[in-house]
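Take a look at the structure set out below.
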Amino acid sequence: MIIAIDGPAASGKGTLAKRIAAHLSLPVLDTGLLYRAVARDVVAKGASLQDSAAAVAAAWSLDSATLDDARLRGPAAGDAASIVAKMPRVRLALLDYQRDFAKQPGGAVLDGRDIGTVICPDADIKIFVTATSEERARRRHLEHQSRGEPITYDAVLADIRQRDERDSNRDVAPLEAAEDAITIDTTTLNADAAFAAALQVISAKAKPPAPVAAPKG
Ligand code: DC
């Protein structure tokens, strides 16, 4: 079973994807990490994030063993990722890795921006996770505070809005819900309630259609 989970920054899609994957014993891929790692590798080469040749080269030579890197967390890495993610040839270079991950025996859970629309248009289950930008900023700000990072709520909100704008208005694979995705708005849901809502979507979709009664007589 392939489960596609898309949504804007800080919507809770990553947490949800991991929980669903653990519940169903499926492998999970946070595809945002791929774009974050490409941006990291561009900067490590001393190139500008706007340098598309450097970004495309970094994308083709990306080593998936380097995705577990603390430097990929945090808003600066996310902003950098959204710059290289606008480049069509970067997206193309990362396509096969994501599709191969999805095609593992038994399936997989992938979360990102274009999983249900571009990477796995035939996914069995598509969920679009969203929440208001204010609520997403509130949650992100709490995370920063818990790590003792000095950043204001207003700065977090501005960052989220800028990222939404860049991810939603790019020419290739913009952030959008697939036509056949089920939207879960987590603005008023905590993580447990969002998980319960997602499990409902999955069990409703996974259920075989009711048999049609044979005509009598
Ligand atoms: O999900 P995230 O915050 O880690 O993603 C970082 C950036 O990467 C995001 O702003 C846009 C880009 N991205 C993308 O374009 N497509 C994906 N499937 C995942 C992330």
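Pairing residues of segment 107-125 that are within 10 Å of the ligand (Cβ to nearest atom) with residues that are open to solvent by 40 Å² or more (accessible area, probe 1.4 Å), at Cβ distances under 6 Å and at least 6 apart in sequence or on separate chains, gives Asp111/Asp30.
Let's see how each residue does on (1) of a type in the set (A, V, I, L, M); (2) crowded, with 23+ Cβ neighbours inside 10 Å:
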| position | (1), (2) |
| --- | --- |
| Ala4 | yes, yes |
| Gly7 | no, yes |
| Lys18 | no, no |
| Ser25 | no, no |
| Asp30 | no, no |
| Ala37 | yes, yes |
| Ala44 | yes, no |
| Ser52 | no, no |
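The set of residues in segment 16-38 that are assigned to a strand (DSSP E or B) and within 10 Å of the ligand (Cβ to nearest atom) comprises Leu29, Asp30. Taken as a whole, the condition of being modelled with pLDDT of 95 or more and either farther than 22 Å from Arg139 by Cβ or in a helix (DSSP H, G or I) (or both) applies to Asp41.
For segment 62-106: of the residues being acidic (Asp, Glu) and within 13 Å of the ligand (Cβ to nearest atom), which is nearest to the chain's Cα centre (by Cα)? Only one residue fits best here, namely Asp79. Restricted to segment 147-171, and to residues that are open to solvent by 70 Å² or more (accessible area, probe 1.4 Å) and within 16 Å of the ligand (Cβ to nearest atom), which residue is modelled with the highest pLDDT? Looking at the filtered set, the residue picked out is Arg161.
The values are calculated or read from the model by the stated rules, or taken from the named source; none is laboratory data. All of these numbers come straight from a predicted model, not from anything done at the bench. Don't worry about glycine lacking a Cβ; one is built from the backbone with ideal geometry, like all the others, and counts go over all protein chains shown. SASA here: full protein model, heavy atoms, side chains in, ligands and nucleic acids out. Shrake-Rupley method; radii C 1.70, N 1.55, O 1.52, S 1.80 Å.
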